[in-house]
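The values are calculated or read from the model by the stated rules, or taken from the named source; none is laboratory data. All figures in this text were calculated on a predicted structure; none of them were measured in a lab. Cβ coordinates were reconstructed from backbone atoms using ideal geometry, including for glycine residues, and neighbour counts include every protein chain displayed.
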Amino acid sequence: MGRTVILGAGELGGRVARLRAAAGDRVVGHTRSAARHPALIADGVEARTGLPDDRAADDRLLIALPGADRQMMAVAALRNRPPPARVVFVSSTGYYGAPRGDVDEDTPPGTSDRAQRNAAAERAFAAWAGDRGVIVRLGGLYRPGRGPLSALAKSKRVPPGPPDKTLALIHYDDAAAATAAALVHPDPRPVYLAVTPPCPLRRDFYLAATVILGLDLPGFDRPRGGPPAVYDVRRLRSDLLAEPMHPRWQGALVPGPAS
């Protein structure tokens, strides 16, 4: 099967590590601290801290670090050696900013600072990885106890924003399955958009969330107007995730233990 190296074996990367270990790979999971190591070891993963320092040419490498700054630092540190046979880079739909209308892999980045930082991180990765690299742009991740409902339960306040903005969401299980598939696909495309349509508008999500949590009904900023974003995931469905395990966004409204 080969060796899979996970840089950032946390909530998402740890799930990918578990999937690849179950498939028979030797899996090495790298984390910032040893806090997750017992769980990784229990899943058959070799746990380490820091950056990979013994890469082999035929490795598969996943970069699953949060935030564009950490991603760019990791790519800069890895650039001292050629990329291995396959490198997958977990990016974010934050790349698009606040899009409207149809959105797919070829939609240009948004103009906000966050969108431009995501785009810069993707460019740095692509320049290093070349045709060995695959970018997976994930929507907002959720599971019981983690995601927008959990954040609202802690803050007791709906974050500001227009009611007609689309919330791009995907369950951790589906995000991990798609990312794991990108590591082993024989001929992947360079970029995948990974969300689970139909995605809710902020109005629909937060009205339901406040009722579930027993909070006051939310107020919203003025509508933006124009068509809401509609995410096209045909490429994802064709290559990486034919059927999501969690197809309905209402799954993000399931409470759970604090993460």
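Of note:
- Qualifying residue in segment 211-222 (condition: farther than 20 Å from Arg143 by Cα and of a type in the set (Val, Ile, Thr)): no
- Residue within segment 171-185 that is more than 17 Å from the chain's Cα centre (by Cα) and over 18 Å from Gly94 (Cα atoms) present: yes
- Scanning segment 3-25 for residues that are in contact with a helix residue (DSSP H, G or I) (Cβ under 9 Å, 6 or more places away or on another chain) and surrounded by fewer than 17 Cβ atoms within 10 Å (Cβ to Cβ) returns a single hit, Ala23.
- Test result for Ser33, surrounded by fewer than 15 Cβ atoms within 10 Å (Cβ to Cβ), of a type outside the set (Phe, Trp, Tyr) and either modelled with pLDDT under 95 or within 27 Å of Leu236 (Cα to Cα) (or both): yes
- Just so you know, in segment 168-225 the residues that are among the aromatic types (Phe, Trp, Tyr) and farther than 30 Å from Asp131 by Cα include one that is modelled with the lowest pLDDT, and it is Phe220.
- Only a single criterion out of (1) free of Cβ contacts under 8 Å to residues at least 40 places away in the same chain; (2) in contact with a Pro (Cβ under 7 Å, 6 or more places away or on another chain) is not satisfied by Ala151, namely (2).
- Residue ID - farthest from Arg15 (Cα to Cα), chosen from residues in segment 75-102 that are buried (at least 22 other Cβ atoms within 10 Å of the Cβ) and aliphatic (A, V, I, L, M): Val75
- Residues that are touching a residue at least 60 places away in the same chain (Cβ under 8 Å) number at least 2 in the following strands (runs of 3 or more DSSP E) confined to segment 26-136: 60-63, 86-92.
- For Ala68, the conditions (1) among the aliphatic types (A, V, I, L, M); (2) surrounded by 18 or more Cβ atoms within 10 Å (Cβ to Cβ); (3) under 15 Å from Val134 (Cα atoms) all hold with the exception of (3).
- Of the helices (runs of 4 or more DSSP H) lying entirely inside segment 137-250, those carrying at least 3 residues that are of a type in the set (Gly, Ala, Ser) and crowded, with 23+ Cβ neighbours inside 10 Å are 172-184.
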